[in-house]
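Input: a single structure, listed below in structure tokens.
The values are calculated or read from the model by the stated rules, or taken from the named source; none is laboratory data. Since this is a predicted model, take the numbers as computed values, not measurements. Cβ placement follows ideal geometry from the backbone for every residue including glycine, while neighbour counts extend to all protein chains displayed.
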Amino acid sequence: MNFEISSMDLLYLALSVIGYAASATLWIYFAAPRQELDTLPSADPGSITSPDSTRS
């Protein structure tokens, strides 16, 4: 079987990876300062903004 990778496939792959990385970066950037509002579950034990998570 012959698997050919065209330039459009590489472009789509690159854009999807870049888009995923950018969305993850923006999500972390905008969600991390707002953890004190309790909008996110306290799943991060090392969080500085949540005083009740002292367990490691």
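You will find that of 51, 41, 45, the residue that is surrounded by 10 or more Cβ atoms within 10 Å (Cβ to Cβ) and modelled with pLDDT under 70 is 45 and no other. Tell me, please, whether a residue that is at pLDDT below 80 and not in a helix (DSSP H, G or I) can be found in region 25-36. So far as region 25-36 goes, no, none of its residues is at pLDDT below 80 and not in a helix (DSSP H, G or I). The condition of being surrounded by fewer than 10 Cβ atoms within 10 Å (Cβ to Cβ), assigned to a helix (DSSP H, G or I) and either out of contact with any helix residue (DSSP H, G or I) (no Cβ under 9 Å at 6 or more places or on another chain) or modelled with pLDDT under 60 (or both) holds for only one of 8, 1, that being 8.
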